[in-house]
Every structure is written in structure tokens, then in C-alpha cells.
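Each remark here refers to the structure printed beneath this line.
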Amino acid sequence: MSRERGCWIPEELNPQGFKTIIDLAAHSCEQFANKPAFTSLGRTLSYQELDELADAFAVYLQRETDLLPGDRIAIQLPNLVQYPIVLLGAFRAGMVVVNTNPLYTPDEMRYQFKDSGAKALIIHKSMACNAEKILDDTDIETVIVTQVGDLHGFLKRTLINAAVKYVKKMEPPYHIDGAVALRDTLDLYLGAIPEAVDVKPDDIAVLQYTGGTTGVSKGAMLTHANLVSNVLQGSERIGAVGEGWADTVIAPLPLYHIYAFTLAQIVMLAGGHSVLIPNPRDIPGFVKEMEHWQATTFLGLNTLFVALCHQQHFRELDYSKLKMTISGGMALTHAAADQWREVTGCEIMEGYGLTETSPAVAINPYGGVQIGTIGLPLIATEVKVIDVEGNTVPNGEAGELCIAGPQVMKGYWQKVAATEDSFTADGYLKTGDIAVLQDDGYLKIVDRAKDMIITSGFNVYPNEVEDVITSHESVLECAAIGVPDEMCGEVVKVFVVPKSEVLKESDVKAWCHEHLTGYKVPKFVVFVDELPKTNVGKVLRRKLKEDAA
């Protein structure tokens, strides 16, 4: 691509002339002031409230701290309405946001805070005890703490916060000198207007750390231009669903994850309402929350679809207004797609993306879904599939997927060599995913290059094996890995979560023999109660490999 990474926004998608995420949010807050923007745990923020509270937080950062535009500020919060407030406030003060997983251990926190050079931290009180252990090893001087009920009225706030602390015992004691309550920062400057900050499209907006499922986590430098571009690209594809898709968007995936992060901005651009689910792992609680809403859109991923569809209560809910379901984060299996359609009557539009691409690269178009593919590349996105020597392969042949477009990151934070290694000579991002470009333009992800199993010289893609096994009526979930073998180099080993105890190893192998070529049939079948997953729900094959070793 001739344009510099992270510096441009497609003009054909940007009639409003947005230059930054700040512009985009200001537009939504003005256009949809009286509409609901975010709800979590019974507290709904209107766009006007979001605007005013974000301003108050920005003013606090400007007047009460030593932070300057360009400084990094870490946000470590679950899906609470506090998140969009502090995010937008930090942007308006010119800060670079470092999204941080609330489930991080102290060691993981230390690494990310030191690597990013974060100078401030906004954290939920339940995690402050971990921060206390490592703050002296970081550059963080400003710590702002919040509790679950902080944005509720006095009585409800008191009851919720007391229940979390004393009944659920989720707030271990801690001591951080100078820590400030988020609620106090908002009360102090409510109604004040922050000083204007000169933020440019090519300025870094977010340091989004890669999930770390394949090694050391790296900070992808996502600029305002990257994020605005991807919001506009996604809006163009999703908007084809028609009016009303954003009226009630069920958002169970954490906002600190780039998938949910960017989709939340897309919903805001449409004036939509995001219903945030703080703990989607509590499936019964999740389903109970959904009773209160007539969902128009659902955002999820394969493991969540499977878990929900096996809840009888979920199957009994009303889905008459559900217009769209979007899947990302991991491969969607045919079995999960079929179950979801059977229960909700809604087709799943699978998409594909990476932390490094803000994240969306391709999404199945409304009315043209091809299950088993990731759809068509988004507008202004160029893709190519290359072999190990870097040559573009013909359509229909597998190779590494490479991406160029306005959503592709500027690079990895303070990692010049890693950045250079991640791009081709002509400027395409190498994804590490094995893909096939079909003649009709649709893309199909075969698997992660690092997860590919080579047995007797033949390539076996775990996704294919998993898709076949999960189509068995007695299988809930499955993960496939390669394990060393003296004769074949590697053989396939699968971990199966069964629906019933009657399922046997011989049943799984017989099913595979019926649907797979011989060398793809697993040599080992292990039954487990659950699969190791990231907080987002992505299966950790690396953990399975480590345990197997």
C-alpha cells in the first residue's frame, strides 16, 4: 500500500469528516443525546450523560494530575458503564489508553504497565490488591478506583457495593497511597468543559496488547485513524441489516477486548444501545438478564453460542426482534451456527479480525452468509494469500493471509524488529493464519499457522477436525492439537467435552473415520469437563499442548 500505516481514513466512508474517535463520539452524543447509550447492572447512561461525565473526567485529568497528552493511562475494568466514561474522558484529555484484562495476575499487570510506560491506572476495587503488589515497579503515579455500584443512586449504590464487598467478598483489602475514588473525580468537575487538545489522526489512541495466547504479549499501536476507519468499515457492512439493528445490542464480550471495543463504537455511531454483561461466564445470570431485553443484535463467539443454546431457559426467550448475530474471536463451527439458528431463528454473520487490524478485516454480508467462511473483506481492505516463499497463490489454494488497509496498526510499541517481521516487503501485515481466497471473493480461514499439525508430511488443520467432532450429537465442545510421534512426526490428539457419559472414545473415532481422511483421525481422545479458555472464551490450544507435553 502506498499510504502510510495508521495515518489515513477512507474518504468514501467518511462524509462527516471524522478525524479521531473523539470526533466520532462527540457526533453521537450530540445527535442522540436523549437516547440510551450503555446499560450495565441496571444503570443506563444516556448519550448526554456519557458526554457530561466524560468531560468531567477529562477535566479532572487535566487539572488534578500531572498527566500530559500522549501519556499512557491503563484501564482495568469489567463491563460497567464506568468504562465508556473513562475511555472517552481519557481520549478528550489527549491520553493513550492501555486496555487491561481485569483477570490479570500481578505479574501480567507488571509486564503490561512497565512495557506501556503507563502513568495512570483506573481499576475496579476488586483488583486493587493485585495492583498494590506491583505499583512500585511501574511508572504509575495516579490511581483511580471504582466500585460496581458507583454510578447508581445513593441507596442502590450502597446496597450493591456492600453486597459485593461483604456478601460476595470480591473486594480484598488493599492500601494504595493517594488512590482516588472515580465517583469523586466525576462529582468534582461535573459541568466543566475540558481544554481542547490537538489530537491528530495518526496519533496513537490505544495500546491494545495481543492476547498472549501464542507467546509474549505485544502492544499494537492503534491510531485514531485506524479505529475511525474500522468503525466506518464495520458500519458500512453491518448497516446493510437495516433500521433498528442497534436498538438493543447484547454485548457480553469485555470492552477491553478489541472485538467488543470497536463494535461498541459502531453501535454508538448508529445511536444504538449496548447492554453490557459484566460476567458472561455466569450463564444462568446472563440468561436472566436477557429476560429484560428484546435483543435486536447479539455479539458473541462460538463457545458462548454453544453454552447458551444448551440452557433451556435461553431457548424459551423471545427472539422476534433479533435481526443480527455477529461472531468473531475464534472459528465458528457449523454445529454452533445450526444450533443458534434453530433456537433464535437468526443467522450468524461470522467475521474475522486481529488485534493488529483494529480488529475487523472481513465480515459475512447480511443476506449472503456462507457458514464456514469469514465473509468478504471490508471496504478499502486488500488481502492476498502467500506461500512460504512470499509468492501469491492462486484462488482456492491455502497459504498465509496478508492484509493491507487503513485499519492496520502503526506497529508494535517499542518493538521495531517485531514490527518489521510482521510485514511483507510490500507492506502487508502477515496474519499467521492459513486461509483460502475463493473465486467469489469470500475468505476461509483454515487454521492458525502455528497450530497446524503435520502428520506423515500431510497438513491437518485443527479447525477442520474440531468442526467434524462437534457435529456429533453427543459432543458439546472439542479442541485438537498435535503431539509428537516417532513414526509420523505428529499425530492428532483431541480433548472432548461430552454431553453425556455414554459417549466413548470408539464413538468419536468412528465418527471421524466416517467424515475425515484417515491421517486426520485422532489417535488420542481425552474426555474433559471443560476446555481452558481466555477470558473472552477463546480455547487455549497452547495450554493443552503444554499440559500434554
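The values are calculated or read from the model by the stated rules, or taken from the named source; none is laboratory data. Just so it is clear, the model here is predicted, and its values are computed rather than measured. Note: ideal-geometry Cβ built from the backbone for every residue, glycine included; neighbour counts use all protein chains shown. SASA here: full protein model, heavy atoms, side chains in, ligands and nucleic acids out. Shrake-Rupley method; radii C 1.70, N 1.55, O 1.52, S 1.80 Å.
Results, tabulated for the structure shown:
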read-out: Shape call, region 1-93: gyration tensor on alpha carbons, a/c limit 1.5; value: oblate
read-out: Length added when fully stretched, Leu188-Glu486, from 0.36 nm per residue minus Cα-Cα; value: 100.5 nm
read-out: Computed E for Thr517/Asn391 - FRET, C-beta separation, R0 30 angstrom, nearest 0.05; value: 0.65
read-out: For region 276-372, alpha-carbon Rg relative to the globular expectation (2.2 N^0.38 Å, N residues); value: 1.06
read-out: Compactness relative to 2.2 N^0.38 Å, alpha carbon Rg of region 279-438; value: 1.21
read-out: Charge dipole of the chain about the Cα centre (unit charges at C-beta), most positive-ward option of Thr100, Asn161, Ser422; value: Asn161
read-out: Net lengthening on full extension, Ala240/Lys415 (0.36 nm per residue, minus Cα-Cα); value: 59.1 nm
read-out: Stokes-Einstein translational diffusion, region 380-510 - Kirkwood Rh over all Cα pairs, 1.306 mPa s, 10 °C, in µm²/s; value: 93 µm²/s
read-out: Cα-only Debye scattering, region 414-486: base-10 log of I(q)/I(0) at q = 0.23, 0.24 Å⁻¹; value: -1.08, -1.10
read-out: For region 250-293, diffusion coefficient by Stokes-Einstein and Kirkwood Rh (Cα), 20 °C, 1.002 mPa s, µm²/s; value: 195 µm²/s
read-out: Largest-first principal axis extents of the Cα set of region 196-301 (Å); value: 42, 36, 28
read-out: Arg43 - accessible surface, heavy atoms, 1.4 Å probe, Å² rounded to 10; value: 40 Å²
read-out: Modelled FRET efficiency - R0 41 Å, Thr424 with Lys543, Cβ distances, 0.05 increments; value: 0.85
read-out: Net lengthening on full extension, Val526/Arg341 (0.36 nm per residue, minus Cα-Cα); value: 63.7 nm
read-out: Radius ratio Rg over Rh of the chain, counting only Cα atoms, Kirkwood formula for Rh; value: 0.96
read-out: Counting DSSP beta bridges with both ends in the chain, the antiparallel % (nearest 5); value: 60 percent
read-out: For region 455-549, fraction of C-alpha pairs farther apart than 23 Å, in %; value: 20 percent
read-out: Close Lys-Lys pairs in region 153-311, where close means Cα under 19 Å and separation is 8 or more or interchain; value: 4
read-out: Per-selection metrics, region 130-230 (Cα): Rg and Dmax in Å; value: 18.3, 47
read-out: Expected 222 nm ellipticity per residue - DSSP helices of 4 or more, -39500 (n - 2.57), all of the chain, to 500; value: -9000 deg cm²/dmol
read-out: Quotient of C-alpha Rg and 2.2 N^0.38 Å, computed over region 45-102; value: 1.07
read-out: FRET efficiency estimate (nearest 0.05) - Cβ-Cβ, Asp66 to Tyr166, R0 35 angstrom; value: 0.45
read-out: Proximal lysine pairs, region 399-496, alpha carbons under 23 Å, eight or more residues apart or interchain; value: 6
read-out: Average projection area in nm² (convex hull over Cα atoms of region 339-404, one quarter of hull surface); value: 5.8 nm²
read-out: Proportion of all alpha-carbon pairs of region 55-181 beyond 19 Å (%); value: 46 percent
read-out: Heavy-atom accessible area ranking, 1.4 Å probe, most first, across Met349, Met170; value: Met170, Met349
read-out: For Ala362, residues with placed amide H under 5 Å, excluding near neighbours; value: Tyr352, Leu378
read-out: Highest to lowest packing among 231-238, 218-225, scored as the average C-beta count within 10 Å; value: 218-225, 231-238
read-out: Lys/Arg +1, Asp/Glu -1 at C-beta; region 463-504 dipole; positive extreme among Gly489, Val502, Cys478; value: Val502
read-out: Dipole of the chain, positive direction: furthest Cα of Ala131, Phe524, Val267, with charges on the beta-carbon; value: Ala131
